[in-house]
Each structure stands twice: as structure tokens, then as C-alpha cells.
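The values are calculated or read from the model by the stated rules, or taken from the named source; none is laboratory data. What you are looking at is a predicted structure, and each value in this text was computed from that prediction instead of being measured. Every residue, glycine as well, gets a Cβ built from its backbone with ideal geometry; the counts of neighbours run over all protein chains shown.
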Amino acid sequence: MSAILPPAERLWWKHPLDRVEGTWIVISLIWCLIMFAMMVGWHVYGRQNLSTETYKTTPDLFTKKTQAMVDKYTVRTETDQKIPVVAPPPGSDVYLIARLWAFWPILELEKDKTYRLHLTAMDYNHGFSLQPANINIQVVPGYEHVVTVTPNKAGTYSIVCNEFCGINHHTMVSRLYVK
Amino acid sequence: MNATTYRTCPRSGLQFESQAEKLMMVNAVTAVVALLVGGILAIGVVLTRWPAVHWLAADTFYMVLTAHGIDMLIFWIIFFEVAVLYFCSSTLLRCRLATPKFAWLAFALMLIGAVTNNVAVFQGGSSVMMTSYVPMMAAPAFYLGLILFAVGALIACFVFFGTLVIARRDRTYQGSVPLVTFGAITAAIIAVFTITSGAIILIPTFLMSVGVIQSVDALVYRTIWWAFGHSSQQINVAAHISIWYAVAAIAFGAKPMSERVSRGAFLLYILFLQLASAHHLLADPGLSTSWKVVNTSYFMYFAVLASMIHGLTIPGAIEVAQRQKGFNNGLFEWLRKAPWDNPVFSGMFIALIGFGFLGGISGVMMGTEQLNMIIHNTVYVPGHFHATVVIGTTLSFMALTYFLIPVLFRREMINPGLAKWQPYLFGLSMYAFVLVMMGAGTLGVSRRHWDMAFSGSAMAYEWPGAAYLLMGLVGISGIAAIAGGAIYIYITVGSLLWGRRLDEGARSPKFTPIPRTAPTLAAQTYGSAGFAAPGTFALAMVFLVSFVLYYFINWKYLSQVWGLS
């Protein structure tokens, strides 16, 4: 009898269980349940859980909201393209547009303060990859994803697009300041 | 009814029906051609991602990467799997293949589809990556090629199911089908689900590309596409695990430790494995937390449980067989005295260890809802799936090929000395490749990215030096692995062209049924502490400890990033 021949016992589900296998199945099952509990438990006790708050949106609608924030809270501009740097007050709604091939505007946040970060893509799928913290979120066109973020370290961060979005994908990178 | 003949292979005792045999050959050979194309493209991918070389221009790189993904993940693997399905039905059950004309139609559709898709990609307007996320559009021929291929593959699955019916009706075997066939049935059931999902989403996308419908929702596309994209990798898991059981049986005469346990584990695959499409959607908006948690964990990690069971029972079966042969000293004599110079065995074993330790552990880590945020869309992801699909599936297929060259193709293998080394070169350089890739991913380096220096951008991010070093090592180990792949293709194609012809064995117009397997008396004279396979159990504990440590290290890492809620 081997794995490439029919089993000798016609009723294979009555085939006895070896002690090695029985022990391992019990250990594995316990480990699987621990991992499941860990994932559920982190929603209760952990501080890093991705929000699922999502709204349908359109490029026009989202641009309007972003523009309102930019008009109100811009503190300076950066680079040749004069990208506004926006410092909205803690606790407020902040908007970030991902489009071919840039993020707009540049955000300036305060350490240990909480913000509602709204993300959407204007055209294709993009990626929000915050470096060097290494937080990665998918940005999908047509959907406004509201993520509550609390920066825990001051510094200059980069936002890298890590979803392929065409020929200039590699130039799609921006900054984010935490004071 | 059909005028067909059955050949009994004098080297293996397997019986090949002539139609099935021809179909296995053409599907396997086409698969190897796809592997060759994908392998050549891999040179372009790794030499561009190696920062010091940075070979191809951006547009060429994205085109080459698209073609590499599709040729390897879809065409190489599924053509080979069709050959495996026919082998596991017609050959292992010693019956004729059902509806050979439909099987040829399936092959023709798959071939036309594969060529159409490749032509579309190489024309340059379809560099959309394998995933082709809408609203980024490829040429209509891109989707049409995939749809034709999928229809062909679906027909091949039904030919497989039909063949099982014929074996049952003609009573070519008694009792239950062999375990390996059982595993192939698992693969085929998952394949039907997978291919149907692919059709559900690719048909509207094709209609969108020709202007018949206005738009396909980006998030709906991602959700359904991944029911195809990830589940197709689950076909591979079921298929290559079946091959591991087959190799254990062929190389050692090993019998499954317990038919009930192994088959039960395959049943868990059928029930839970496809839920894994959620793995790609954990960082997405719009899907609820409970949906993500339930799906990403295969309900409650039941498919992980199944894989951990297979990971024990296959080496366990080998250990039992070896101990019965007298290699009974200590914990590991059975393993030391294994035929390490037989590429059928060494390839399979390197695949098994790499799949478990590298692919399995990393897969569960990244499939954890919260932990996914620290690796989503980084090169950690291709690092993981090269461990599963290249080390796991591709290396297993290579190992099986070394068995099939004399048995199915009736040729003596050319250059057996080189073949002996091939699994080590290919497998171990892939081990290095995936480890450095996962390392770079842990540092955040993006996947599918032409230039980690962000040339032309005003706000370039400076990756840490270690990221550059690791991506350089990706290039070096990648080239070593490609060399290993080239040796496989040289040996396979060379043996088919120039290998000495071997005796094909007696042909008969009628099948010979499989004789009833004699029950074995289980008088256990080996092992220790009531454990039939103590060495395997020790290895399994090493695996578990690595798994637990790595899992919690990543939680520690996650706990230090920004608060998110």
C-alpha cells in the first residue's frame, strides 16, 4: 500500500491514527486558535488596527474637500511645483489625494495627536506607504478611506506609492512632517 | 469502444493509456516552454531590481514583469498541472482518458489563449501587471487570451472528473482512489472555483476594454480577481502536496501514516483554502473587519492546520518507510541515509522544507490582518510567494519531471551528474533569494517598482543602506536561481531530444485493473516512546518554535508603529 495505490482498508476514514500525528494535530490546532485569538484580541487591546470607515466618493467631491483644507491651513509651499504644506489642527479631518504621479498636499501633523486621515485615488489604484515607519495602505479610486492616525515619533517621513500606477510610478513620492 | 492501447512501463509498472500519454506530454512540454520564456524574462526583472545594475528602461521593465508573472504563475504552472491531473486520473487509476477530443480542445484553447495574451503584452500596451487592476486598462487581446486559457483549463478539469467516472464504471480499482488522486481531486475542485471567479471578473473587464460597458468598480474587481488570483495558488498547493506524497511513494515505497489524517487534511483544503483571497485585501478600504478576520484566517486557520498536518505526515511517512528498511538509529539516520543524490527526492524535500519554513511562516504572518499593514505591497510579498510557488510548486514539478523523463517520455536522462546538483543550486539559491527579498520588504522597499532611487522626483526617499544591500543580493541570488532553472530546462529538453530511447514496454488493447492491495500488518518494531516517526516530530517542533518566534517578533514590530484605529 502506498500513496499512489488505493488504500487496503476500503473504509479509509476508519484508518487508525498514529500517536505522532494525533499529538501534532492537537499542538497545531492549539497554535491555530492562539493565532486567531491574537488577531481578534488585538482589536480589543492593540493600538494598530486599520479602520474600515469608507465612503463612496468622486474626484470632484474629494478635491473640493481637500482644497478647503488647503485654503484654510496652508503654512508654506515646497519644491518647484509649490506644493502646499498643510498643518491642520489636531483632531481634525485631513485629506490626501493620490493621483498620477503625486500626492497632494504635504501634511504636517503633531506628535501624539490624533487625526482622521482621508485617502482616495483620483485615477488608478495607488499605495500609501509611509516610510520609514513602514505602514502600508491600499488607496482605491472611488472610495474614501478614513484612517485614524496617531503619529508617535517626530521627524520627516516619506509617502511612497507602492501600487504600480504606470510609467512614472517610481517618481510618485511625497513627504509628511511630524512635529 | 475507443481504439486505444495501454502501455505498461517496464521501469515503474505504471500503465499509460496512449491518448492520455500524448496529452500529458504536450501539456508538460508546453509548460516547460512557458517556464523558459518566464525564466528569460526573470533575468530582466532581477537585473533591473539590482540597484547597481538597473538594466532595463522603465517601460520595458514593467512589460517584462507583467509577462514574467503571467507566464510563470499561470501558464507554466497550469499547463503542468493539467498533465498532473491526467496522470493522477488515467495513469494512477489505469483507465482511459475521458473524451480525449475535448482534452485536445482544452489544450488548443489554453495554447491559443497563452499566445494571444503574450502577444498582447509584448506589443507594449498591456503592461498592467498580472493583476491588471481596473481602471488601468490593457489591450482587449490581453483579457481575451486569459479568458480562452481559463475556458481551456476548465474543460481540462472536467476531462479529469470524467476520467474518474470512467475508472469507477470500468472497475479499474477497488475501494477508494489513491491518496495522490484524492489530492488531485482537491486541486481540481479548487480549480473550478478559481477559474469561474476569473471568468466572472475578466469577462466584464474585457467588455470594458472594447467599450461595451462603461466601468468596472475598482474594489469589486480586486475582491473577485483575488478569488481567482490567490485561489489559483491554492490549486498549486494541493497539486504539489499530492506530488510530495507521490514522490514519497515512488522513491521510498512510503505509505501514508494514516489515510484518514491525510485525506482529512485535503478535505480541510476544499472547505477553507479559497478564503485566502482576503490576504490581498487586508489593507483595502470598504471591507469589514469581521470579513477580513474570518477570511484571512481560513475561518480559524483550518487550512493552515491542514498544511501543518501534511508537513508532518509526508516526512513522517518517509521516516517510517526508512526505519522499516533498517535505518533505525537515532533520530535522523533515516534522513541522513535518504537518497540525496536522486533529484526526484532531493528536489521534493528541498521544496517541502522551503515551502513550510519560508513560504508557510511568512504567509501566515502577512495574512494576519494587522501585521499585513507592515508588509502590504512591499517586496516581502513577492519574497513570500516565490517561496511558495517557486520553491514549493516549481521545484516539486522539476523533481517530478526527473521521474517522468524515463517513465513517461521513455528517454534516458542526459547528464545525470548535472541533474543531481540542479535541485540544490535552484532550491538553495531560491532560499537565499526569498530571504533577502523578505528582508528588504521588512525595510519597506516597494514591489513592482522600477527605481528605488526615485530618479526624477523632487522629494526622493533615501532607503537605508541595508535595503540597497539586500536588493543587490536579490539580484545575485536571483541570477543563481535562474542558472539552476536553465540547467533544468537543458536537461529536460536535451533528454527529450537527444536522450537514448528506452524500451516502452508491452502494449495491450485492454487495461489491467489494479490488484487489490493486501492489508499490511502493523507490528511496529521501530520508533521510540510510541512515536513511529520521532525524527519528523523533532523537525516539526523546530518548525513550530520558528513559527511562534517569528510571529510574535512581528507583533512586537507592529506595536511600535503609529497608532491606527
Seminar exercise, completed: Apart from one, (1) closer than 30 Å to B:Arg169 by Cα; (2) crowded, with 20+ Cβ neighbours inside 10 Å; (3) not hydrophobic (A, V, I, L, M, F, W, C) all hold for B:Thr8; the odd one out is (2)
Exercise. Can you find even one residue in segment B:74-94 that is charged (D, E, K, R) and buried (at least 22 other Cβ atoms within 10 Å of the Cβ)?
Worked result: yes
Exercise. Of all the residues that make up segment A:145-158, how many are in a loop (DSSP other than H, G, I, E, B) and within 7 Å of another protein chain (Cβ to nearest Cβ)?
Worked result: 2
Exercise. Can you spot a residue in segment A:72-83 that is facing chain B (nearest Cβ under 7 Å) and on the phi > 0 side of the Ramachandran plot?
Worked result: yes
For this session: Report whether or not B:Asn342 is over 20 Å from the mean Cα position of the chain (by Cα) and at pLDDT below 95.
Result: no
For this session: Could you grab me the full set of residues in segment B:165-200 that are polar (S, T, N, Q) and either in contact with a Leu (Cβ under 9 Å, 6 or more places away or on another chain) or under 20 Å from B:Pro256 (Cβ atoms) (or both)?
Result: B:Thr172, B:Gln174, B:Ser176, B:Thr181, B:Thr186, B:Thr196
Problem set entry | Selection within segment A:142-176 - among the hydroxyl-bearing types (Ser, Thr, Tyr) and more than 15 Å from the chain's Cα centre (by Cα) | A:Thr156, A:Tyr157, A:Thr171, A:Ser174
Exercise. For segment B:257-336, which helices (runs of 4 or more DSSP H) that fit wholly inside it have 2 or more residues that are within 8 Å of chain A (Cβ to nearest Cβ) and either crowded, with 24+ Cβ neighbours inside 10 Å or not small (Gly, Ala, Ser) (or both)?
Worked result: B:259-272, B:289-296, B:298-324
For this session: Return the total of residues in segment B:120-137 being over 15 Å from B:Val64 (Cβ atoms), touching a residue at least 12 places away in the same chain (Cβ under 8 Å) and among the hydrophobic types (A, V, I, L, M, F, W, C).
Result: 2
Seminar exercise, completed: Of (1) touching a Phe, Trp or Tyr at 6+ places or on another chain (Cβ under 7 Å); (2) within 26 Å of B:Ser477 (Cβ to Cβ), B:Leu93 fails just (2)
For this session: Search segment A:1-33 for residues being surrounded by 14 or more Cβ atoms within 10 Å (Cβ to Cβ) and among the β-branched types (Val, Ile, Thr), and hand back the single one that is nearest to the chain's Cα centre (by Cα).
Result: A:Ile27
For this session: Name, by its number, the condition in (1) buried (at least 24 other Cβ atoms within 10 Å of the Cβ); (2) part of a helix (DSSP H, G or I); (3) not aromatic (Phe, Trp, Tyr) that does not hold for B:Leu358.
Result: (1)
For this session: Scan segment B:77-111 residue by residue and report those that are small (Gly, Ala, Ser) and over 17 Å from B:Phe16 (Cβ atoms).
Result: B:Ala106, B:Ala108
For this session: Go over the candidates A:Gly127, A:Gly142 one by one and state the one that is more than 23 Å from A:Arg47 (Cα to Cα) and within 7 Å of chain B (Cβ to nearest Cβ).
Result: A:Gly142
Exercise. Consider A:Arg10 against the criteria (1) modelled with pLDDT under 95; (2) facing another protein chain (nearest Cβ under 7 Å); (3) within 23 Å of B:Phe537 (Cα to Cα): it satisfies all of them except one. Which criterion is unmet?
Worked result: (3)
Exercise. When you look at B:Phe409, is it outside any helix (DSSP H, G or I) and crowded, with 19+ Cβ neighbours inside 10 Å, yes or no?
Worked result: yes
Exercise. Pick from segment A:159-179 the residues that are within 7 Å of chain B (Cβ to nearest Cβ) and charged (D, E, K, R): which of them is farthest from B:Ser455 (Cα to Cα)?
Worked result: A:Glu163
Seminar exercise, completed: Residues of segment B:31-69 being among the β-branched types (Val, Ile, Thr), within 14 Å of chain A (Cβ to nearest Cβ) and either touching a residue at least 24 places away in the same chain (Cβ under 8 Å) or not in a helix (DSSP H, G or I) (or both), in sequence order, are B:Val45, B:Thr48, B:Thr66
For this session: Could you give me the residue pairs with C-beta distances under 6 Å whose first residue belongs to segment B:166-190 and is at the interface with chain A (Cβ under 9 Å from one of its Cβ atoms) and part of a loop (DSSP other than H, G, I, E, B), whose second residue is surrounded by fewer than 17 Cβ atoms within 10 Å (Cβ to Cβ) and at pLDDT below 95 wherever it lies, and which are 6+ apart or on separate chains?
Result: B:Gln174/B:Arg516; B:Gly175/A:Arg10
Problem set entry | Hits in segment B:462-496 - residues which are surrounded by fewer than 21 Cβ atoms within 10 Å (Cβ to Cβ) and touching a Lys or Arg at 6+ places or on another chain (Cβ under 9 Å) | B:Leu496
For this session: Please tell me if A:Val75 is exposed (fewer than 13 other Cβ atoms within 10 Å of the Cβ) and under 24 Å from A:Thr156 (Cα atoms).
Result: yes
Problem set entry | Which numbered condition B:Ala432 fails, given (1) surrounded by fewer than 23 Cβ atoms within 10 Å (Cβ to Cβ); (2) in contact with a helix residue (DSSP H, G or I) (Cβ under 7 Å, 6 or more places away or on another chain); (3) part of a loop (DSSP other than H, G, I, E, B) | (3)
For this session: Confirm whether B:Glu504 is without any contact (Cβ under 8 Å) to a residue 12 or more places away in the chain and among the acidic types (Asp, Glu).
Result: no
For this session: Confirm whether B:Ser262 is assigned by TED's automatic domain parsing to the domain that holds B:Val192, touching a Ser or Thr at 6+ places or on another chain (Cβ under 9 Å) and of a type in the set (Gly, Ala, Ser).
Result: no
Exercise. Across segment B:28-41, what is the total count of residues that are over 16 Å from the mean Cα position of the chain (by Cα) and within 29 Å of B:Arg7 (Cα to Cα)?
Worked result: 3
